[in-house]
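Below: one structure, written as structure tokens.
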Amino acid sequence: MPLPASRRTVLLGTGAAALAVGCGDQQAGGESSGASVSAGQELARTADIPVGGGKIFKDEKVVVTQPTQGGFRAFSAVCTHQGCIVATVADGTINCACHRSSFEIADGAVAGGPATEPLPARKITVKGDAITLA
């Protein structure tokens with residue numbers, strides 16, 4: 001005959017289940033699988049993205065840049081060092097505040113460590129003045 005579960009066992013089991021559900025949309029490296037972001041979702045208007053700069057969309061975990069007039073690029077906003085969401089786009093780089101990694105706005109390449117991997121590119125579509133996830 002099985003013994004009844006102690007309160008501690010029930011609480012630990014419930015906490016572990018909640019943690020598993022909360023982390024279920026994560027891939028290796030802490031990046032979201034993108035399940036909450038749908039293709040065709042409008043992120044911004046082209047006028048919202050400054051030339052030589054960019055804008056971070058934290059909820060979508062995407063950063064959109066415009067290195068040159070009319071040349072829009074998009075990258076994961078998840079820093080490849082330890083998974084923090086990047087904090088700013090300034091002076092031609094995408095910057096992570098956690099450990100000061102920086103990435104080039106043109107191609108996501110590492111501009112300054114400790115990150116050693118570039119930001120992965122994300123696909124966007126620019127149609128008229130709308131920027132959408134592809």
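The values are calculated or read from the model by the stated rules, or taken from the named source; none is laboratory data. Quick caveat: nothing in here was measured; it's all calculated off a predicted structure. Heads up, the Cβs are rebuilt from the backbone with ideal geometry, glycines too, and the neighbour counts pull from every protein chain shown. Note: areas computed on protein heavy atoms with side chains; ligands, DNA, RNA excluded. Shrake-Rupley method; radii C 1.70, N 1.55, O 1.52, S 1.80 Å.
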In whole Hz, the Karplus estimates of ³J(HN,Hα) for segment 58-75 (6.51, -1.76, 1.60; θ = phi - 60°; x where Gly or Pro) are 4, 4, 8, 6, 9, 10, 10, 10, 9, x, 10, 3, x, x, 9, 10, 9, 9
Ordered by residue, what ³J(HN,Hα) values in Hz, to whole numbers, does segment 51-57 give under the Karplus form 6.51 cos²θ - 1.76 cosθ + 1.60, where θ = phi - 60° and Gly and Pro are x? 5, x, x, x, 9, 9, 10
Given charges at beta-carbon only (K, R positive; D, E negative), |dipole| of segment 41-134 in Debye: 100
Probe 1.4 Å, heavy atoms of protein chains only: per residue, the accessible area of segment 35-134 in Å² is 50
Around Ala111, which amide H atoms from residues at least 5 apart in sequence, or from another chain, sit under 5 Å from its own amide H, with H modelled in the peptide plane? Ser102, Phe103, Glu104
Note, ³J(HN,Hα) from phi for segment 93-108, Karplus 6.51, -1.76, 1.60, rounded to Hz, x at Gly and Pro: 10, 9, 10, 9, 7, 4, 9, 6, 5, 9, 9, 5, 6, 7, 9, x
